[in-house]
Each structure stands twice: as structure tokens, then as C-alpha cells.
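A quick write-up on the structure given underneath.
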Amino acid sequence: EVVLHLPHGFKSDLCNENEYEIVLQRMKDAIDFSKQFNVKKLTLHLGGFNNKELGRKYFVDKSIETVKELCDYCYPQYLMIENMPGYNELGYSPDEIKEIIEKANKANLKFIIDFGHANVSDYNIDEYIYKLKDYLVHTHISDNDGTSDQHKPIGCGNIDYKKVYNLLNEVKYKEL
């Protein structure tokens, strides 16, 4: 199975109102590129919530419309929302991710859990797994000490991977 991470970071932030159309096209170009490799799953960062005047709800609502458009564009590929480590990023909480997925209502919109991101956030890994188990189709595995996303090998941080694997088995996770 081939998986591709869509562009992310400052220059590819879907919450940047001034560059939105350019960033959206960059995502579509990456999707087009991915098709030559038979990519099945596309990882997406929703962007950084950076405008307090518009409010977080504005950006969540806009992200719902964005992922609907990207899901239609990439179908039959899966578009996977990745959980993010910082409050100022969309996709920070399990409830926010679930809301976006359910309101977008696209069969190919899914969830990818990044365990390192979850360990840095205010939420427990099990909250992401239990709340989003019906949408979970991929994982990013690394370790950290809970202070930052350090991308350490398993066993070099404080994530309890024995518990993680038991949780994944409990929810009958069978993907990569």
C-alpha cells in the first residue's frame, strides 16, 4: 500500500485566507501526482488557526467545505485528517476531528492518528482511538517525552506502546 503526505507547513496552510486558492491548488496538484503511484491514502494537515477575529468555528466550518472538495477530487483515494499537537492547529481534539468528518459526510474521509502528536496534546491517545475508531485507517508511529514532537524511535520516550497496541486490537484496527 502506498501512502502520501500532502503538502503541509507555513506555505501549505489551508487556513491562510490570503493564499487559500493557491494552497488548495497545491493540494490538488499533489493528489494528481500521487495517482501515478497508485496511492491509496493521503494524509492531510488542516492548517493553523491563526485569526482570532474570525474565530475557530469559522475555520472548522471552512475546513469541512475544503475536505468535501478534496474528497471529491481525490476519490476513490482516502483523505485522512491527521491529529495535530498544538491547540492553534485544526484537528487538535478528537471531537473536532470527528465533527469535521461527520459533517463533511464523505465515505473517503478518514482519520490517521499520529501517536507523537497525541502524546504532546491535552488528550490521551485512547481518546483519539475510541472516538475515531470508525474512521481510523492509518497510524504514524514515533515516540517522545510529551514535551514536543521529537520523532524518536519507539522506547525512547514515554508512550506506552504495549497499551497502544492493546487499544488498537480492542477496536479491531487492521490497517497499517
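The values are calculated or read from the model by the stated rules, or taken from the named source; none is laboratory data. Source: prediction; values computed, not measured. All Cβ positions, even for glycine, are placed from backbone atoms using ideal geometry, and neighbour counts span all protein chains on display. Note: areas computed on protein heavy atoms with side chains; ligands, DNA, RNA excluded. Shrake-Rupley method; radii C 1.70, N 1.55, O 1.52, S 1.80 Å.
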By residue number, the members of the range 41-65 that are more than 16 Å from Tyr92 (Cα to Cα), in contact with a strand residue (DSSP E or B) (Cβ under 9 Å, 6 or more places away or on another chain) and of a type outside the set (A, V, I, L, M) are Lys41
How many residues are hydroxyl-bearing (Ser, Thr, Tyr) and touching an Asp or Glu at 6+ places or on another chain (Cβ under 8 Å) when one looks only at the range 52-91?
1
Kindly evaluate Lys163 against the criterion of being assigned to a loop (DSSP other than H, G, I, E, B), free of Cβ contacts under 8 Å to residues at least 40 places away in the same chain and among the basic types (Lys, Arg).
no
Of everything in the range 96-134, what is aromatic (Phe, Trp, Tyr) and part of a strand (DSSP E or B)? Give them in sequence order.
Phe111
Scanning for something touching a helix residue (DSSP H, G or I) at 6+ places or on another chain (Cβ under 9 Å), over 21 Å from Leu46 (Cα atoms) and open to solvent by less than 50 Å² (accessible area, probe 1.4 Å), does the range 124-131 turn up at least one residue?
yes
Has the range 137-150 got at least one residue that is over 17 Å from Glu82 (Cβ atoms), without any contact (Cβ under 8 Å) to a residue 12 or more places away in the chain and outside any strand (DSSP E or B)?
no
Does the range 39-46 contain at least one residue that is within 25 Å of Leu136 (Cβ to Cβ) and more than 13 Å from the chain's Cα centre (by Cα)?
yes
Only one residue in Asp126, Asp114 is out of contact with any Cys (no Cβ under 8 Å at 6 or more places or on another chain) and farther than 17 Å from His5 by Cβ, so which one is that?
Asp126
Across the range 157-170, what is the number of residues that are open to solvent by 30 Å² or more (accessible area, probe 1.4 Å) and either among the charged types (D, E, K, R) or under 17 Å from Leu136 (Cα atoms) (or both)?
7
If you take the residues in the range 96-106 that are β-branched (Val, Ile, Thr) and within 11 Å of Val60 (Cβ to Cβ), which one is surrounded by the fewest Cβ atoms within 10 Å (Cβ to Cβ)?
Ile100
May I ask you to list the residues in the range 107-123 that are buried (at least 18 other Cβ atoms within 10 Å of the Cβ) and out of contact with any Pro (no Cβ under 7 Å at 6 or more places or on another chain)?
Leu109, Lys110, Phe111, Ile112, Ile113, Asp114, Phe115, Gly116, Ala118, Asn119
